[in-house]
Amino acid sequence: MDTDLRTELEGLMEDIQKRQRHIEDRVFLINVLERDGHITLDEQAALKFERKQLAFQMERQTRLLLKAQD
């Protein structure tokens, strides 16, 4: 695997981990807010967006890993 590809993969993996943590934190926050009786439509929409972005990042990671195998 060449150095540029390895560097891109490492950066992407770090970003994925950060986004996963952010999603976990947001889910926790939504649960607390709902338990306290708050309306969480905005937070849920933001969570949906973050999950979609995570899926895009993971798809990119998969493509890079496949490229590395060639």
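The values are calculated or read from the model by the stated rules, or taken from the named source; none is laboratory data. Keep in mind the model is a prediction, meaning the values are calculated, not measured. Neighbour counts are summed over all protein chains in view; Cβ atoms, including those assigned to glycine, are modelled from backbone coordinates with ideal geometry. Only protein heavy atoms, including side chains, enter the accessible area calculation; ligands, DNA and RNA are left aside. Shrake-Rupley method; radii C 1.70, N 1.55, O 1.52, S 1.80 Å.
Kindly express, to the nearest 10 degrees and within the range 0 to 90, the angle between helix 41-69's C-alpha long axis and the longest C-alpha principal axis of the chain. Roughly 10 degrees, rounded to the nearest 10. With protein chains left intact and a 1.4 Å probe, residues in the chain average 79 Å² of accessible area per residue.
The helix-based estimate of mean residue ellipticity at 222 nm for the chain, built from -39,500 (n - 2.57) per DSSP H run of four or more residues and divided by its residue count, is -32000 deg cm²/dmol to the nearest 500.
The distance between label points at LEU54 and GLU14 comes to 2.0 nm (points 7 Å beyond Cα on the Cα→Cβ vector). Could you tell me how many degrees, from 0 to 90 and to the nearest 10, lie between the Cα long axis of helix 3-35 and the main elongation axis, the longest principal axis, of the Cα atoms of the chain? So the inclination is approximately 10 degrees. If the chain linking THR62 and VAL32 were pulled fully straight, counting 0.36 nm for each residue of separation and taking away their Cα-Cα distance, it would gain 7.4 nm.
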